[in-house]
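Engineer: This is the structure, below, for whatever I ask next.
The values are calculated or read from the model by the stated rules, or taken from the named source; none is laboratory data. These figures come from a predicted structure and were not determined experimentally. Every residue, glycine among them, receives a Cβ derived from its backbone with ideal geometry; neighbour counts consider all protein chains shown.
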Amino acid sequence: MALINEHFLKLPNNYLFSDIAKKVNSFKVTHPKERIIRLGIGDVTQPLPPAVITAMHKAVDEMTSKETFHGYGPEQGYSFLIDAIIKNDYASRGIMLEQSEVFVSDGAKSDTGNIGDILRHDNSIGVTDPVYPVYIDSNVMSGRAGVLESGKWSNVVYIPCVAENGFIPDLPSRRVDILYLCYPNNPTGTTLSKEELKKWVNYALANDVLIMYDAAYEAYIQNPETPHSIYEIKGAKKVAIEFRSFSKTAGFTGVRCGYTVVPKELNGFTLEGKRVPLNKLWNRRQCTKFNGASYITQRGAEAIYSPEGKEQVKETINYYMSNAQIMKEGIQKCGLEVYGGDDAPYLWIKAPKGLTSWKFFEKLLYEVYIVGTPGVGFGPSGEGYLRLTAFGDRDDTLEAMARLKKWML
Ligand code: PLP
């Protein structure tokens, strides 16, 4: 008899985006003629950069001949990609990494979800609230989150990020062993300054806290003062793992590639207090459970660091960030409170007239045919907000703003 991991049964049945899909489908049945504009799910719409396509075609061609064919690659990623990552994403910011500190993967969702494999089940968790749901759900699955009581997990410390505190998280009121930080933030679209990030690194250093730093949206940062990596802060290599993704940077949501940095100086502890390098454990975990991202994918990812690739990536990001500006101005003109959108492709709107997130979602769907994501789906402090993404087509973005203005004004 195979006994199940009963922690899975604690997870609420419905996944946020399937709830949204159901509501959108029932709208479509009753309003078959209306054109819906989807600004809900955070998926990109623009094609891959041409430099990536060329590199992937070339890699496919290599697979046709015995001499250049690639079978299993290194579980940690090919050195051509790791070298490009270190040189362009880190050395350029004065951060020195060794090859063996970078682990290429099939994306940041897998890595942020799987990292718990190397940590004990009874660590306490801290998250900024609202939050990318994977951090919490993956901890529920491993039994680390405790039980759900009035919308909150008993072993998770929620650190509210709301308009009232400028979306700047305060240090947690209760001890946490593992803390998730995501900047630029999904869903609020806000960032942390170097000073604020320093506060967290110093807190982690003083309290032996492990920081999981998700920088999946760092390529969207426009403000030259905003940190792109947590390792820009002194001492961070001793306390933080950093997750990066090519999904939003270069349109890889369907191709699948990302990477995780686990510095050699970063330790976890045994119950007896002995220090153990987490790099070793993550390497062991990946070698056992992961067989590498495909050669073709990694050649595609490498191409984003070529001079043409960099230009093309910048162009697409500028396109999305221009959408974000159009949206922010449009929403503000409607008299709504809106946050984010300056250094991230997300806009976080306060629902008008005290509406709940779901009520605001339904009004937007039924009255202007725009699909957003209810903020409460990202955590209790998301109640009363709604997320829109800047990943849409320009024409759709402009039309969405025109509809919104007509509706509000
Ligand atoms: N981290 C955050 C904060 C995200 O919003 C997302 C995707 O939406 C991911 C990670 C997942 O990225 P990937 O496509 O690399 O799995």
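Engineer: Restrict the check to the range 388-407 and report whether at least one residue is in contact with a Lys or Arg (Cβ under 6 Å, 6 or more places away or on another chain) and either touching a residue at least 12 places away in the same chain (Cβ under 8 Å) or assigned by TED's automatic domain parsing to the domain that holds Asp19 (or both). Don't jump to the end; show me each part of the working.
Structural biologist: Initially, the range 388-407 is screened for residues in contact with a Lys or Arg (Cβ under 6 Å, 6 or more places away or on another chain), giving none.
The answer is no, given that none of the residues of the range 388-407 is in contact with a Lys or Arg (Cβ under 6 Å, 6 or more places away or on another chain) and either touching a residue at least 12 places away in the same chain (Cβ under 8 Å) or assigned by TED's automatic domain parsing to the domain that holds Asp19 (or both).
Engineer: Tell me, which residue of the range 71-85 that is touching a helix residue (DSSP H, G or I) at 6+ places or on another chain (Cβ under 7 Å) and of a type in the set (A, V, I, L, M) is surrounded by the most Cβ atoms within 10 Å (Cβ to Cβ)?
Structural biologist: Taking the candidates together, the pick is Leu81.
Engineer: Which of the residues that make up the range 378-396 are assigned to a helix (DSSP H, G or I) and surrounded by 24 or more Cβ atoms within 10 Å (Cβ to Cβ)?
Structural biologist: Listed by number, the residues that qualify are Phe378, Gly382.
Engineer: Give the residues of the range 328-344 that are out of contact with any Ser or Thr (no Cβ under 6 Å at 6 or more places or on another chain) and surrounded by 24 or more Cβ atoms within 10 Å (Cβ to Cβ), sorted by residue number.
Structural biologist: Selection gives Gly341, Ala344.
Engineer: Keeping to the range 1-58, report how many residues are over 30 Å from Ile296 (Cα atoms), assigned to a loop (DSSP other than H, G, I, E, B) and charged (D, E, K, R).
Structural biologist: Within the range 1-58, residues that are over 30 Å from Ile296 (Cα atoms), assigned to a loop (DSSP other than H, G, I, E, B) and charged (D, E, K, R) number 4.
Engineer: Among (1) within 15 Å of the ligand (Cβ to nearest atom); (2) among the hydroxyl-bearing types (Ser, Thr, Tyr); (3) within 25 Å of Thr68 (Cα to Cα), which single condition is Tyr305 missing?
Structural biologist: Single failed check for Tyr305: (1).
Engineer: Taking the stated definitions as given, is Glu232 in contact with a Phe, Trp or Tyr (Cβ under 9 Å, 6 or more places away or on another chain) and either of a type in the set (Phe, Trp, Tyr) or in contact (Cβ under 8 Å) with a residue 12 or more places away in the chain (or both)?
Structural biologist: Answer is no for this residue.
Engineer: Would you pick out the residues in the range 175-197 that are of a type in the set (S, T, N, Q) and within 10 Å of the ligand (Cβ to nearest atom)? Write out each step before concluding.
Structural biologist: Just the residues of the range 175-197 that are of a type in the set (S, T, N, Q), to begin with: 185-186, 188, 190-191, 193.
The answer is Asn185, Asn186.
Engineer: Take Thr68 and decide whether it is in contact with an Asp or Glu (Cβ under 6 Å, 6 or more places away or on another chain) and surrounded by fewer than 19 Cβ atoms within 10 Å (Cβ to Cβ).
Structural biologist: It is true that Thr68 is in contact with an Asp or Glu (Cβ under 6 Å, 6 or more places away or on another chain) and surrounded by fewer than 19 Cβ atoms within 10 Å (Cβ to Cβ).
Engineer: With the condition being touching an Asp or Glu at 6+ places or on another chain (Cβ under 7 Å), I'd like the helices (runs of 4 or more DSSP H) fully within the range 264-338 carrying at least 1 qualifying residues.
Structural biologist: 278-289
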